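Below: one structure, written as structure tokens.
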Amino acid sequence: MRCSSCEAPAIVDQPYRGAHVCAEHFRESVEDRVRREMHAQLPRFGRGTIAVALSGGKDSAVALVLSHQYFRRRPTVRIVAISVDEGIAGYRPATLDAAARLTRSLGVDHRIVRASDELGTTTDATARELATTVPCSYCGVWRRKLLNQGARAEGADALVLGFNLDDLAQTVLMNLVRGDLDRLVRMAPHRLRQPGLVPRVAPLSAVPEREVYLYAHLRRIPFDHGECPYSGRASRNLFREIIWQLEEAQPGTRQSLLRTHRRLVERWLADESIGAPGRCRACGEPSASELCRACEYLRIAQGPSEAVGAT
Ligand code: SF4
Ligand SMILES: [Zn+2]
Ligand SMILES: [Zn+2]
């Protein structure tokens, strides 16, 4: 099979646009999409600090490498990587090692925020306490909070996430199915500026997961292949499966969901009642309700008095 744009052999097919692509054109097409997203989500950004959430997996590793590449000619922009150690034995230490290797090779500052220090608990400890609760429910909420705090402590103007097209499509569908329009409008990439929340940008949001993996592989970007021991229990898995089936039956479904999200956000940008949270009364972080979800989970895990003290 030849590349749709040149005579070189194709290494990947892109059914959503009816094309086969060679290594050279594939690399270009990923970098183009990321550049366009970066430009659209962070217009005219030429001075300040960009924090990149770095788990050590493929998506965040590619997001860091491409953010670094995007800003390399702007010495007035500082890049800092932020990793969260949720405390998951047998998984997180190896990903943190991979993250440290990558930041060293790029010469990028690296801050590690630990749940044990900041929250007084870990995902492992809470999983033992709350055996019937899916760990991703609190772990994800805590990680978002710690990333926001870490980015704020670095004085970051934006927080880059490694969300790829599949992640975005799954999240849009999950929020639609749950009828959670508020969260749908507030999800990254952020168009709404929310007080206390470092705006999140998602430059990989137009690149399918499979292509992020291939790109990391082609550029030999170091990342950890490990899988979290709790990931099998995530409700997201069902949506991942559904999106795959839809995409196979109807190529381009993921891009349609992304466009749907963008149009909805455009329409609702003027409506101040949506996506304008207040502050959590316990920790002061942005929250749509009196107590943020991170503190709610801490309260369940540790009891009300400790939860307020720990944050
Ligand atoms: S898969 Fe779930 S438990 Fe594991 S790190 Fe991610 S959010 Fe946390
Ligand atoms: Zn080609
Ligand atoms: Zn809180």
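The table that follows gives values for the structure above.
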item: Hits in region 3-16 (condition: near ligand 2 (Cβ under 8 Å from one of its atoms) and out of contact with any Gly (no Cβ under 9 Å at 6 or more places or on another chain)); result: Cys3, Ser5, Cys6, Glu7, Ala8, Ala10
item: Strands (runs of 3 or more DSSP E) contained entirely in region 1-104, each with at least 2 residues that are within 16 Å of ligand 1 (Cβ to nearest atom) and either under 18 Å from the mean Cα position of the chain (by Cα) or without any contact (Cβ under 8 Å) to a residue 12 or more places away in the chain (or both); result: 77-85
item: Test: residue in region 17-24 that is buried (at least 20 other Cβ atoms within 10 Å of the Cβ), within 18 Å of Arg210 (Cβ to Cβ), modelled with pLDDT of 95 or more and within 16 Å of ligand 2 (Cβ to nearest atom); result: yes
item: Failed condition for Leu258, given (1) more than 25 Å from Gly150 (Cα to Cα); (2) among the hydrophobic types (A, V, I, L, M, F, W, C); (3) at pLDDT below 90; result: (3)
item: Any hit, region 212-229, residues being within 30 Å of Ser287 (Cβ to Cβ) and either touching a residue at least 12 places away in the same chain (Cβ under 8 Å) or not aliphatic (A, V, I, L, M) (or both); result: yes
item: Count of residues meeting criterion [of a type in the set (D, E, K, R) and either more than 19 Å from Asn148 (Cβ to Cβ) or within 16 Å of ligand 3 (Cβ to nearest atom) (or both)] in region 38-89; result: 6
item: The lone exception for Ala169 - which of (1) touching a Lys or Arg at 6+ places or on another chain (Cβ under 6 Å); (2) without any contact (Cβ under 8 Å) to a residue 40 or more places away in the chain it fails; result: (2)
item: Options Thr103, Thr133; residue that is among the hydroxyl-bearing types (Ser, Thr, Tyr) and within 16 Å of Ile88 (Cβ to Cβ); result: Thr133
item: Check on Glu241, in contact with a strand residue (DSSP E or B) (Cβ under 9 Å, 6 or more places away or on another chain) and modelled with pLDDT of 95 or more; result: no
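The values are calculated or read from the model by the stated rules, or taken from the named source; none is laboratory data. Worth saying up front: this structure is predicted, and the values here are computed from it rather than measured. Using ideal geometry, Cβ is built from the backbone for each residue, glycine included, and neighbour counts are taken over all protein chains shown.
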